[in-house]
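**Student:** The structure that follows is given in the form of structure tokens.
The values are calculated or read from the model by the stated rules, or taken from the named source; none is laboratory data. Computed from a prediction, not measured in an experiment: that's the story for all the values here. Glycine also receives a Cβ, built like all others from the backbone with ideal geometry; neighbour counts cover every protein chain displayed. Heads up: the accessible areas ignore ligands, DNA and RNA and are worked out on the full protein's heavy atoms, side chains in. Shrake-Rupley method; radii C 1.70, N 1.55, O 1.52, S 1.80 Å.
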Amino acid sequence: MHGAMLRLLQTALLLVLMPAGVPAAELPRSGNLVFDRVIALVNSEFHDESALDRFNETAKKEIEDVGQALPPHASTARVDAAIDGALASLQASHNGRFKPDTIAYFELSDIFRFAIRNDLSRLFPPEGEVSYPGIGLVTRMIGDKRFVGDVYDGSPAAKAGVVMGDEILSVDGLPYREIASFQGKVGQSVDIRLRRKADVAPTNVKVAVERLRPLPTFEKAIENSIAVREHGGRKIGYVRFWTLSTRDGLDIVASELSDGRLSGVDGVVVDLRGRWGGGAADAAELFVGDTPSFRLIPRHGRATLANVRWRGPVVALIDEGTRSGLELFAYALRINGIPLVGKRTAGALLAGRAYILPDDSLLEIAVSDAVIDDDVRLEGNGITPDIPVDLPLAYAAGRDPQREAAVSEMLRLLADGNSDRIVMPGGPPLTP
């Protein structure tokens, strides 16, 4: 009786999620609740209907690869591979499945909190505040070795001296796991064994574990990234936009540009090598907008910033992590004549939406295309930097040649007096 009721509910769910005009019989069916939910959601929500035939054909092949429909209790690895294969066939960004053993799951859950609001209190009891145990870094595999890809500014890892390029060998004597390595250890410290250079002995670093709330963590990282350094008598400011999805990230930077740490600098290096995009489409106007700066001054109390515009020289950093809203930000800087330093951007500018699957994993689907002006698409193209600079990650020991190159370009602009912004006519070439 229970099995019959479950099948009935599954069938009803598929019918509800089906796009108009597509009979239920035409959708691939595996019998696995999670896989079938992904198939139904993509058919209902993915923005490009012309890709659905290819997607559904791939889904059918995934089912047939095992000789029969995926059973309800198929192995996790088999279901994961089938879903990943089907989503890859869409050949578009903003499509992916994220599981609760990854940092990305928690960060995207917070970014998409409105879309999944009905599930938040259940997934993150009691109040629905997204959080996870961690130390504030993300890693990347190179071959069979794991290296620190980024350390969030002001995080426990940053305070402990962990830097980009460190090879992580273990956490408390066990292999590193994004969430499991820190589960149940909030308020304690973990022993991270790492190697900073390929030919030196490993060292141990103690790092405090905190309960991290993703968007506040990013907001703190943006604020803590702000720095001013003097080079040859010139003051060069720096700020990193880890994401545009925080509530107050742009306001924090605007305040620092207006009357804070960045207000007296000669130029600003804007780092768009982000973790995620999101945010308002006009975010770049903080640096390139034409409207005047102004503040509201009450009879009593402090003045309130109402509109801040930085008019000084800007150089921006981009790389493969510059995606979505940050990619649009980079494009706006580019067409206003601001030099871009680093590597080509991700070519990932679509609008995504999140859905919670029956196993509580998170599915992101690209629900809208994104076109700049009349016909400029960054999706699949990306933006080529004006000054290409590699950043070898393995054993980088914290050295950042891309940032160094951006500072050098800023000093050149200041020395030449050639920092005027010239709006380029039309859409610039996005590829060489």
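**Student:** Report yes if some residue within the range 70-88 is small (Gly, Ala, Ser), within 22 Å of the chain's Cα centre (by Cα) and under 30 Å from Glu219 (Cα atoms); otherwise report no.
**Tutor:** No, that holds for no residue.
**Student:** Filter the range 366-404 for residues that are of a type in the set (Val, Ile, Thr) and in a loop (DSSP other than H, G, I, E, B); which is least open to solvent (accessible area, probe 1.4 Å)? Spell out the reasoning first.
**Tutor:** Within the range 366-404, the subset of a type in the set (Val, Ile, Thr) is 367, 371-372, 376, 383-384, 387, 389.
Next, from what is left, pick out any that are in a loop (DSSP other than H, G, I, E, B): 371, 383-384, 389.
Values: Val371: 64, Ile383: 0, Thr384: 31, Val389: 26 Å².
Filtering the range 366-404 for residues that are of a type in the set (Val, Ile, Thr) and in a loop (DSSP other than H, G, I, E, B), the one least open to solvent (accessible area, probe 1.4 Å) comes out as Ile383.
**Student:** Can you find a residue that is closer than 23 Å to Asp153 by Cβ, more than 19 Å from the chain's Cα centre (by Cα) and in contact (Cβ under 8 Å) with a residue 24 or more places away in the chain anywhere in the range 358-374?
**Tutor:** no
**Student:** Picking from Asp271, Asp259, which residue would you name as being charged (D, E, K, R) and in contact (Cβ under 8 Å) with a residue 12 or more places away in the chain?
**Tutor:** Just a single option satisfies the conditions, and that option is Asp271.
**Student:** Output the number of the condition that Asp359 fails; it satisfies all remaining conditions of (1) charged (D, E, K, R); (2) in a loop (DSSP other than H, G, I, E, B); (3) in contact with an Asp or Glu (Cβ under 8 Å, 6 or more places away or on another chain); (4) open to solvent by 50 Å² or more (accessible area, probe 1.4 Å).
**Tutor:** For Asp359, the failing item is (3).
**Student:** Let me ask you something else. When you look at Val79, is it among the β-branched types (Val, Ile, Thr) and modelled with pLDDT under 90, yes or no? Step through it out loud before you land on a result.
**Tutor:** On the way: among the β-branched types (Val, Ile, Thr): yes; modelled with pLDDT under 90: no.
No, not satisfied.
**Student:** Something else: Out of Ala74, Ala12, I need the residue that is assigned to a loop (DSSP other than H, G, I, E, B) and either at positive phi or modelled with pLDDT under 95 (or both). Which one? Walk me through how you get there before you give the answer.
**Tutor:** On the way: Ala12 fails: assigned to a loop (DSSP other than H, G, I, E, B).
Selected residue: Ala74, the only one of Ala74, Ala12 that is assigned to a loop (DSSP other than H, G, I, E, B) and either at positive phi or modelled with pLDDT under 95 (or both).
**Student:** Follow-up question, since we're still on this one. Quick one: which helices (runs of 4 or more DSSP H) lie wholly within the range 241-355 and hold at least 1 residues that are at pLDDT 95 or above, touching an Asp or Glu at 6+ places or on another chain (Cβ under 9 Å) and open to solvent by less than 30 Å² (accessible area, probe 1.4 Å)?
**Tutor:** 249-259, 324-335
**Student:** For the range 130-234, which strands (runs of 3 or more DSSP E) that fit wholly inside it have 3 or more residues that are hydrophobic (A, V, I, L, M, F, W, C)? Quick ask: steps written out before the conclusion?
**Tutor:** Working: elements: 132-134, 137-142, 145-151, 167-171, 189-195, 203-208, 210-212, 227-231.
So the answer is 137-142, 145-151, 167-171, 189-195, 203-208.
**Student:** While we're here: Of the residues Val190, Val207, Val186, only one is open to solvent by less than 60 Å² (accessible area, probe 1.4 Å), at pLDDT 95 or above and in contact with an Asp or Glu (Cβ under 7 Å, 6 or more places away or on another chain); which?
**Tutor:** Val190
So that you can scan it fast, the table gives a plain yes or no per residue for (1) part of a loop (DSSP other than H, G, I, E, B); (2) under 22 Å from Asp360 (Cβ atoms); (3) touching an Asp or Glu at 6+ places or on another chain (Cβ under 9 Å); (4) open to solvent by 10 Å² or more (accessible area, probe 1.4 Å):
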{"position": "Val42", "(1), (2), (3), (4)": "no, yes, no, no"}
{"position": "Thr58", "(1), (2), (3), (4)": "no, no, no, yes"}
{"position": "Asp80", "(1), (2), (3), (4)": "no, yes, no, yes"}
{"position": "Ala86", "(1), (2), (3), (4)": "no, yes, yes, no"}
{"position": "Gln91", "(1), (2), (3), (4)": "yes, no, no, yes"}
{"position": "Pro100", "(1), (2), (3), (4)": "yes, yes, yes, yes"}
{"position": "Ala104", "(1), (2), (3), (4)": "no, yes, yes, yes"}
{"position": "Phe114", "(1), (2), (3), (4)": "yes, yes, no, yes"}
